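**Student:** First the structure, which I've put down as structure tokens, then a few questions once you've had a look.
The values are calculated or read from the model by the stated rules, or taken from the named source; none is laboratory data. Bear in mind that the values here come from a model prediction, so they are computed numbers and not experimental data. Note: accessible area is taken over every heavy atom of the protein model, side chains too, but ligands, DNA and RNA are not part of it. Shrake-Rupley method; radii C 1.70, N 1.55, O 1.52, S 1.80 Å.
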Amino acid sequence: MEMRNPIDVRIIVEGASDVENVSRALQNIALGAEYHITISSIIPTTNTEIAKKAVRGADILLIATDVDAPGRELADKFQKVLKKEVGHIERMKLPFGHDVEYIDPALIRKEIKNAIIRSGLISIGNIGYIQELKDRLKQSENQITDLKEQFDNLSSEKEESANKNKELLSSLERLEFKQKSHQEDLKTVKNKYADIKNKYRIMLKKNLYETFLLDELWKENFNETLEEEELITFITSEFKPDNIILGQGFIAAPSKKDAVDWLKVIRTVLIFYDSKIEDLKEEIGDEKFIPSLLKG
């Protein structure tokens, strides 16, 4: 069987004479054999700070004071100040004065034994309470474990939320970029719309009343697919015919006949394109060039 250390008991007394009385009483008592107890020190003091240093770590502290009022007050003061320094405090009453000549050691021995027995009984009574505290401590440890798991789960969820938030921010940046791109496209469309609107306003000012799809009118009159729309637009812009506006896939003129007549001119020009338009213009002049094509 493993031997455990003896129970450390210390005794506080009021003065040096009490130390002598208690020491004499302990000479004929076998506390180690009977109770596995050792009296490690007898401390004569009424100062609480000195008492703290002297009793710290004791298993049991006996406070031995007289039964008079000063003795009770001193004992109460020690109990309040020293209760956190030792395992258990027990009051030990000395029913006598400080005159060492009339003290019976047997009375002190009996009081010491009774105080130790009371300490033991109180400690036994506290076993159930200590067990209850252990159970509550175990429950608290389990709760701490559960809370730690919850905390770990919350930390994991927080990390996932942070990653999702990061992804959302990236998506938002992409959407903002697309929005900016769409705004640029919208600006371009608005500019084109303004340009068409301006051309339409010009058409109204020139009393042009009819607009035709260029490729359809070309197909209808020449039975061929229009493939030179950009070149037609260029030639029209060069000669700037009256009452003719051409662009954006449309041709506008006072009448369909006027539009077809101009396309005939354009087609004739395209036929002779390889002979260079500028050379023809130099030979016959701008004013005679277009009428001659119309007659042809």
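**Student:** Any idea what the relative contact order of the range 39-185 is, in percent, if you count C-alpha pairs under 8 Å spaced at least 6 apart?
**Tutor:** The normalised contact order for the range 39-185 reaches 17 percent.
**Student:** Could you report the range 20-82's accessible area per residue, 1.4 Å probe, as an integer in Å²?
**Tutor:** 51
**Student:** Suppose we take every Cα in the range 114-179 and form the convex hull; what volume per residue is that in Å³?
**Tutor:** 77
**Student:** For Y193, Y35, give the ranking by accessible area with the largest first, probe 1.4 Å.
**Tutor:** Y193, Y35
**Student:** Right, something else. Per the 1.4 Å probe, what fraction of the accessible area of the range 7-120, in percent, lies on carbon and sulfur atoms?
**Tutor:** It is 50 percent, rounded to a whole number.
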